[in-house]
Amino acid sequence: MESRDLVAIREQAETPSFVLHLGDLRRNAQILREVKEAAGCKILLALKGFANFRTFGLFQDVLDGACASSFNEARLGREEFGGEVGVFSPAYRDQDIEGLLGVADNIIFNSFAQLRRYRERILTHVRTVEIGLRINPEHSEGAVDIYNPCARFSRLGIPISQWDGDDLDGVTGLHFHTLCEQNSDALEATLAVVEAKWGDWLPKMSWVNFGGGHHITRGDYDRARLIRLIRNFRQRYDVDVYLEPGEAVALNAGVFVTQVVDLLYNERDIAILDCSAQCHLPDVLEMPYRPEIVGAGMPGEYAHSYLLGGQTCLAGDVFGEWSFPEPLKPGDRLIFTDMAHYTMVKTNTFNGINLPTIAHFEPKTQTLTPVRQFGYHDFHTRLG
């Protein structure tokens, strides 16, 4: 994001607000288009990572559809994105399957028990809905267990020890997911394990879904390797290959704007912001991780260091510590970078804190347009 864009966003944005940079979203779309065309694969938008449907028009002629983890996400994909809609859930209820049969193109099961329970209903439905199974390669590439689908005791996917290769009637595809914000070398290592364990069954499939976590639009991502891996896999097994990026679609394509409300001192300088890590940036606490702030540095890097805290009563509602070249004062605006993916879909209204405004920034005209604002009604209606 160019510095002049950041200046314009800082001046125009309400606080707190998520601001999506339309130019950077277009850039990501073009990269995904090039990968898809070169590799001959299909790419679905993972709605769990990015679901701002007002920007879907930037991707609809690039991506093949959307993937979902619930009926609500699947319906959103069908109504707002179009194309194919794929669904995976650790477990489905009867009402989930009933709803999904009307909107999904494939339903991926997490166990043979669920496959057996719902197979006949799917295969005899008036709409053609394909069936897939999620496998667990038991090969970990992620460093943080909460985001590692192959961690020990994982509930996600069928390990080879539980695999029933004789009960695949109606199954046309396999799905695996091992990555989290990783490069294509991690996918290469995973594929070696998948092929070693499931090589006898891969030729019997019509498609294989490589899941998400591919940081395709990151500057140092080895896209040539990804393209080679997909093309070789397709050739070996004569299958369609799917990718499900969520983060890569919106990587580095949005910011979060907040402002300083008050300054405190308790053995160290503390700044209270008009937002909340708990409500607005929960990944900061869950991952946990330390996002970048424009113009700020590590503690002690600049002359003035502050612990940045949120507005809720949660004692741990703290973003972390940063340093600044100049002292902070009430009204100063701070910009957290790379805030378009995941964080936006996880916001909540704990303590009755308003959800942030959502805005779009058009770099061609240097204009910011609020597209969704929230208030008491949004808090009130979700509780009763």
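The values are calculated or read from the model by the stated rules, or taken from the named source; none is laboratory data. Small disclaimer: the values here were computed from a predicted structure and weren't measured. FYI the Cβ positions are ideal-geometry reconstructions off the backbone, even for glycines, and counts take in every protein chain you see. Accessible surface areas use protein heavy atoms only, side chains included; no ligands, DNA or RNA. Shrake-Rupley method; radii C 1.70, N 1.55, O 1.52, S 1.80 Å.
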Helix 184-198 vs. the chain, principal-axis angle (Cα, 0 to 90°, nearest 10): 30
Prolate/oblate/rounded call for region 264-325, Cα gyration tensor, a/c under 1.5 rounded: oblate
Counted charge near residue 104, where neighbours are those whose Cβ lies closer than 12 Å (Asp, Glu -1; Lys, Arg +1): -3
Fully extended contour minus Cα-Cα distance, from residue 287 to residue 120, at 0.36 nm per residue: 56.1 nm
Residue of 106, 72, 28 that the Gaussian network model of the chain assigns the largest fluctuation, springs spanning Cα pairs under 10 Å: 72
Shape category assigned to region 1-47 from the gyration tensor of Cα positions, a/c cut at 1.5: oblate
Principal-axis tilt of helix 3-12 within the chain, Cα atoms, nearest 10 degrees: 70
Karplus 3J(HN,Hα) series, Hz, for region 153-159 with 6.51 cos²θ - 1.76 cosθ + 1.60 (x for Gly, Pro): 6, 4, 8, 9, x, 9, x
Efficiency of FRET from Cβ geometry, residue 266 and residue 80, R₀ 51 Å, rounded to 0.05: 0.65
Computed lengthening from residue 381 to residue 151, 0.36 nm per intervening residue step minus Cα-Cα distance: 79.0 nm
Shape of region 1-98, Cα gyration tensor, a/c cut at 1.5: oblate
Mean projected area in nm² (Cα convex hull; one quarter of hull surface) for region 45-197: 9.7
For region 151-170 and region 57-126, distance of Cα centres in Å: 20
Choice from 341, 139, 214 showing the highest fluctuation, given a GNM over the chain with Cα pairs closer than 10 Å: 139
With Cα atoms, 0 to 90° folded angle of helix 22-39 axis to the chain main axis: 20
Whole-angstrom Cα spans of region 225-356 along principal axes, big to small: 64, 35, 22
Range in the chain, longest, excluding exposed trypsin sites (Lys or Arg not before Pro) [loop by DSSP; at most 14 other beta-carbon atoms within 10 Å]: 156-267
Region 161-228: radius of gyration and largest Cα-Cα distance (Dmax), Å: 13.7, 44
Positive-end residue of 40, 7, 56, charge dipole of region 4-57 with Cβ unit charges: 40
The chain: most fluctuating residue of 50, 71, 324 per GNM, C-alpha cutoff 10 Å: 324
Fraction of antiparallel bridges per DSSP, the chain only, in percent to nearest 5: 45
Relative contact order (%) - the chain, alpha-carbon pairs under 8 angstrom, separation at least six: 20
Accessible area per residue, Å², the chain with all protein chains present, probe 1.4 Å: 44
Check: region 249-384 dipole with +1 on Lys, Arg Cβ and -1 on Asp, Glu Cβ, in debye: 420
Full-stretch length increase - residue 303, residue 351 - with 0.36 nm per residue and alpha-carbon distance subtracted: 13.9 nm
Accessible heavy-atom area order of 1, 344, 298, highest first, probe of 1.4 Å: 298, 1, 344
Distance (nanometres) between label positions extended 7 Å along Cα→Cβ at residue 2 and residue 95: 5.1
Computed P(r) (all Cα pairs; region 135-291; 10 Å bins; percent): 9, 32, 28, 16, 9, 5, 1
Check: the chain dipole with +1 on Lys, Arg Cβ and -1 on Asp, Glu Cβ, in debye: 660
Isotropically averaged projected area of the chain, using the convex hull of Cα atoms (one quarter of hull area), nm²: 20.3
